[in-house]
Amino acid sequence: MNAIHITRRAVACACACAALALAGNALAANWPDKPITLVVPYSAGGPTDVVARLLAVPMGQSLGQTVIVENTVGAGGTLAPARVARAKADGNTILIHHMGMATAMTLYKKLPYDSLKDFEYIGQVLDVPMTLLSRKDFPANTLPELLDYVKKNPDKVTLANAGTGAVSQLCGMVFAQQSGAKLITVPYKGTGPAMNDLMGGQVDLLCDQTTSTVPVIQDGKRVKVFGVTTPQRLASMPSLPTLDEQGLKGFDVKVWHGMYAPKGTPKDVIDKLNKALNAALKDEMVKKRIAELSADLVSPDKATPEGLRKHLEAEVARWRTVITAAGVSAE
Ligand code: ASP
């Protein structure tokens, strides 16, 4: 009797599972049947937004649907992943984020999502170096002069960032550690508005990705630049020295990005999104713009769900050690 009971239950369960799988397949076969929302954790006009908008059009073209960019800003970039983690797992709401997906796991005691459990991985996107900038009329002109100035003026120089967990905060933290500078941080909802304030002279320093700083540096009129955060110089601006070669030995900050969907999004849908991402990264216009902005394409094995999963896992562990040693945290 018991055995029959168990068998009936097993059959019912198998039927339900098969029905769910069929529903998933049907969804995947018709997908995408409406516009897709690509959620960006920071303000419009900032570097993450620039990358999202660069990819949205070609991704939409290969998917046959519009990809709408939505800026869900605030809390250092943690509101957007929280929104996507709670969204319906149908592939219609996806996320682009940088390494804040890894750092937030240690920085925030009460993070409303788990980067390693609440998402499906679409693929890694781009690696982007950063540059350290100041307002145009800042008293220092070179990195040695800047180091001297911040040392002589503790708690007077302001540094803009996009909140705890933002890479601008991370870069500022490394700069403060290596230079011994005591800076006042000014948080924004993204470095787009921070850059506007830097150009307007309301804030002194900003460290930000080249995807938004290169055009401003090349314009030459509105900011000063002190160096590149990677050990290699930028291909688009080879005359600009690195921070490392000017004395901040070992300064090495490069920003990786990934694309995610809510946990439970059908595999076929993830595959279609991954294909569209890779097609966008191979688009000639996109490749040209990426090169102009000194960003780097990732290798094909990284632009995969598995490549992103492995990288995120390693990065969560790496930043746990670094952040714990630095004693930084957020509420
Ligand atoms: N660059 C930013 C950061 O510091 C965010 C942004 O894209 O606005 O994380």
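Over the chain, Cα pairs under 8 Å with separation of 6+ residues give a relative contact order of 27 percent. Computed with a 1.4 Å probe on the full set of protein chains, the accessible area for residue 90 sits at about 20 Å². Taking a ≥ b ≥ c as the square roots of the eigenvalues of the alpha carbon gyration tensor, segment 36-138 is oblate, as a/c is not under 1.5 and a/b does not beat b/c. Taking the alpha-carbon centroid of each part, what is the distance from segment 209-280 to segment 157-189 in angstrom? One Cα centre to the other: 18 Å.
Note on the chain: with a GNM built from Cα contacts shorter than 10 Å, the maximum mean-square fluctuation among 97, 311, 257 falls on 311. Taking each of 110/267; 136/287; 34/272; 136/156; 34/88; 88/287 in turn, the alpha-carbon distance tops 20 angstrom for 110/267; 136/287; 88/287.
Label-to-label distance for residue 151 and residue 291 is 4.2 nm, based on points extended 7 Å past Cα in the beta-carbon direction.
Antiparallel DSSP bridges in the chain: what percent, to the nearest 5? Kindly include the intermediate steps, with their values, before the conclusion.
Numbers: 25 of 41 bridges.
Within the chain, antiparallel bridges account for around 60 percent of the total.
If you run the Gaussian network model on the chain, springs between alpha carbon atoms under 10 Å, then out of 274, 141, 161 the most flexible one is 141. For segment 212-331, what class follows from the C-alpha gyration tensor (a ≥ b ≥ c being the square roots of its eigenvalues): rounded when a/c is under 1.5, otherwise prolate if a/b is larger than b/c, else oblate? Note, shape of segment 212-331 comes out oblate.
Using a ≥ b ≥ c from the Cα gyration tensor of segment 138-249 (square roots of the eigenvalues), is it rounded, prolate or oblate, where a/c under 1.5 gives rounded and otherwise the larger of a/b and b/c decides, a/b for prolate? Because its axes are fairly even, with a/c under 1.5, segment 138-249 counts as rounded.
Are there any trypsin sites (Lys or Arg not before Pro) in segment 140-241 that are in a DSSP loop and have at most 14 other Cβ atoms within 10 Å? List them by number. Provide the component values of the computation, followed by the final result.
Numbers: sites: 151, 152, 156, 182, 189, 221, 222, 224, 233; in loops: 156, 182, 189, 221, 222, 233.
Qualifying residues, ordered by number: 156, 182, 221.
Across 107, 183, 240, mean-square fluctuation computed from a Gaussian network of the chain (C-alpha pairs under 10 Å connected) peaks at 240.
Name the helices (complete DSSP H segments) of the chain with a Cα length along the long axis of 20 Å or more and a Kyte-Doolittle mean of at least -0.5, or state none.
2-30, 47-63, 267-282, 305-326
Taking all protein chains together, 155, 114 sort by accessible area into 155, 114, largest first [probe 1.4 Å].
Surface exposure of segment 247-331, expressed per residue as accessible area with a 1.4 Å probe, stands at 50 Å². Here the chain has 57 percent of its accessible surface on carbon and sulfur atoms, given a 1.4 Å probe and all protein chains in place.
Only protein heavy atoms count here; on that basis, with a 1.4 Å probe, residue 33 has an accessible area of about 110 Å².
Mean residue ellipticity at 222 nm from the helices of the chain, using -39,500 (n - 2.57) per DSSP H segment of n ≥ 4 over the full residue count, to the nearest 500 deg cm²/dmol? Provide the component values of the computation, followed by the final result.
Values: 11 runs with 151 residues, N = 331.
Helix contribution divided over all residues of the chain: -14500 deg cm²/dmol.
The values are calculated or read from the model by the stated rules, or taken from the named source; none is laboratory data. Remember, predicted model here, so these are calculated numbers, not experimental data. Here Cβ is always computed from backbone atoms with ideal geometry, including for glycine, and neighbour counts include all displayed protein chains. To get the accessible areas, we keep the full protein, side chains included, count just its heavy atoms, and leave off ligands, DNA and RNA. Shrake-Rupley method; radii C 1.70, N 1.55, O 1.52, S 1.80 Å.
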